[in-house]
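The structure appears right after this line, and notes come after that.
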Amino acid sequence: MRIIEHNYIDGRFVEPHGRELFDLHNPATGAVIGRVRLGDADDVDAAVAAAKRALPGMARTSKAERLQMLDALHSAMRAHVEELREAVLTEYGAPVSRSSWMADYAADTFVAAARTLADYPLQRKIGTARVVMTPVGVVGLITPWNSNAGFICNKLAYAIAAGCTAVIKPSEMSAMQTDVVLRALHEAGLPAGVYNVVNGSGADVGAAITAHPDVAKISFTGSTAVGKAIVQASAASLKRVTLELGGKSPTIILDDADLDAVIPGVIEAGFMNSGQACIAGTRVLVSEHRRADFEALLKAAIETRVKVGDPRDPATTVGPMVSQTQWERVQRYIRLGQQEGAHLLTGGEGRPDGLSGYFVRPTVFTDVSNDMKVAREEIFGPVLAILGYRDEDEAVAIANDTSYGLAAYVFGDPAHAERIAARIDSGRVVINGAAHEPLAPFGGMKQSGLGRENGPFGLEAYLEPKTLLGAR
Ligand code: NAD
């Protein structure tokens, strides 16, 4: 049993003021494997004060000094990447290959931020003016459980690249990952106060950061509901906000796509991270005349090739849900889909045979219409909805008929798919299963978010342009 009883403030590991302990579970078994002591608003005050003291020094650093910091953070993270993979596996239940990907992503995001900074002009002439990009100030970084370590590192990397100082509020459900990341980052030896971490609940610590008058910007990744609360709470001090929120992303299969060939991509898009991914392609759109053939192929592939089980087994492709609460939420949606009149193509309520943790059965609904809740709301589990379309205009209309706009997937002839991609209101469109590009902007349209992360767009989210007139 691990007890984590420290925050990280002003370059030191310190006990939180709060006394409440929060249980950490192994989702593959349901067993309690640790506890984290939750901080409170006093801890936030101390962390913000430390970040504020460190800000002038950080803001004065040259590009070369920031690049050195990012390099030190990257090396420190790389030295702990195996330990982080183990924490992600144990605490989150992500299958082996996914856990490794997540740990590598967390470490290598410092390289992506460094590459971005190296190429980014922090000063430029515009007409007679000199425009200097200055750090926005003390930033509050708030992360979700589904990629806690990755988002801590990603947000911190770009904040440091910009010359900001930070107060981080990680997901309380992922405290073991946070602990590994913190001990790793500490070894990089950055000046005290440049980054500070307060463990705690959203209602206490998250809200205190959002309301704090000395915090200039919030970068938040999490649910749309909390994102809206953050916008309201931060309005009092007109904080800058970057919000990376939920999604209900469409996967469109065009008529010139080879059905056999697209099945692995549809499953990967839908069930990535065991379905607990903001960018999961959960609404699958296929033309009515090919729907029966597609459904037969998808059902066979899921029942024979998708393996739910022990995340430590390299053959496993879908692990458990992160918590009992999340398990119950997915069960509720599986019941709701049937009540709404959708039909189960495969899966259904309950656990797969022989498994006792927070495992769910990969589930596909068919005969879904886009006004059903299973087609409109983010379920955050391995549950897909198949919708038929009569022609491409209808496919595009269904794809766009959502309050979200985070990601979309199109399968078909590449030129044709690009024409469809141009018509979809979404922050990213993945054509034929293309790979991730770490320097490309990431974020959502509509209620999937505000602003972008990663690469130059992500860096600018931590910068304010200052115009100098009359300067040499
Ligand atoms: P959540 O919104 O419940 O919590 C996210 C974080 O916000 C946690 O650290 C939580 O403690 C904190 N929080 C909660 N209430 C708060 C408040 N009032 N003020 C400040 N902070 C508060 O989300 P979650 O369940 O941890 O994560 C899943 C959600 O995150 C899904 O909706 C998913 O789509 C979204 N997500 C989005 C992206 C993206 O990049 N767009 C990536 C991953 C996850």
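Derivation of every value follows stated rules applied to the coordinates shown; laboratory data play no part. The structure displayed is predicted, hence computed values, not measured ones. Here the Cβ is made from the backbone with ideal geometry for all residues, glycine too, and neighbour counts use every protein chain on show.
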Estimated FRET transfer efficiency (residue 255, residue 303; beta-carbon r; R0 35 Å; 0.05): 0.85
If you take the charge dipole of segment 398-472 about its Cα centre, with +1 on Lys and Arg Cβ and -1 on Asp and Glu Cβ, which of 470, 410, 398 is farthest toward its positive end? 470
Residue 339-residue 192 pseudo-label distance in nm [points 7 Å out on the Cα-to-Cβ vector]: 5.6
Expressed in nanometres to one decimal, the distance between label points 7 Å along Cα→Cβ at residue 472 and residue 356 is 7.5
Modelled FRET efficiency - R0 35 Å, residue 119 with residue 377, Cβ distances, 0.05 increments: 0.30
Under 20 Å from a point placed 7 Å out from the Cα of residue 33 along the Cα-to-Cβ direction: which residues of segment 85-108 have their backbone N that close? 85-107
Separation in nanometres of the label points that stand 7 Å from Cα toward Cβ, at residue 203 and residue 440: 4.0
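Using Cβ contacts closer than 10 Å as the measure, can you line up 40, 71 from fewest to most? Working shown, then result.
Working: 40 18, 71 14.
With the fewest neighbours first, 40, 71 line up as 71, 40.
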Proxy exposure order for 158, 358 (fewest C-beta within 10 Å first) is 358, 158
Bin width 20 Å, alpha-carbon pairs only: give the P(r) of the chain as whole percents, running from 0 to the bin holding the largest distance. 25, 55, 20, 1
In the chain, taking the dipole from +1 charges on Lys and Arg beta carbons and -1 charges on Asp and Glu beta carbons about the Cα centre, the listed residue (246, 118, 296) farthest towards the positive end is 118
Among 286, 171, 31, the residue whose Cα sits farthest towards the positive end of the charge dipole of the chain (+1 at Cβ of Lys and Arg, -1 at Cβ of Asp and Glu, taken about the Cα centre) is 171
What percentages, rounded to whole numbers, describe P(r) for segment 54-99 computed over all alpha carbon pairs with 10 Å bin width beginning at zero? 25, 30, 23, 21, 2
What lysines does residue 299 reach when the alpha-carbon gap must be under 29 Å and sequence neighbours fewer than 8 apart in one chain are set aside? 248, 307, 373
Percentage, to the nearest whole number, of Cα pairs in segment 250-431 over 27 Å apart: 21
Rg and Dmax of segment 422-472, Cα atoms only, in Å: 15.5, 52
Least to most buried among 380, 457 (fewest other Cβ within 10 Å first): 457, 380
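Given a Förster radius of 41 Å and the C-beta distance between residue 394 and residue 53 as r, what FRET efficiency does 1/(1 + (r/R0)^6) yield to the nearest 0.05?
Numbers: r = 58 Å, r/R0 = 1.42.
Rounded to the nearest 0.05, the efficiency is 0.10.
Do the sum for the chain: with -39,500 (n - 2.57) for every DSSP H run of n ≥ 4, divided by all residues, what is the mean residue ellipticity at 222 nm, to the nearest 500 deg cm²/dmol? Walk me through the intermediate numbers first.
Values: 15 runs with 190 residues, N = 472.
Roughly -12500 deg cm²/dmol at 222 nm, from the helical runs in the chain.
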How far, in nm, would the chain grow between residue 228 and residue 268 when pulled straight, counting 0.36 nm per residue and subtracting the alpha carbon separation? 11.4 nm
Work out the length of the dipole vector of the chain about its Cα centre, built from +1 on the beta-carbon of each Lys and Arg and -1 on the beta-carbon of each Asp and Glu, and round it to the nearest 20 debye. 1560
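Report, in order of residue number, the helices in the chain meeting two criteria: a C-alpha extent of 27 Å or more along the helix axis, and a mean Kyte-Doolittle hydropathy of at least -0.5; treat each whole DSSP H run as one helix. Please report the intermediate quantities before stating the final value.
Working: long enough: 41-60 (29 Å, 0.15); 96-119 (34 Å, 0.17).
Both cut-offs are met by 41-60, 96-119.
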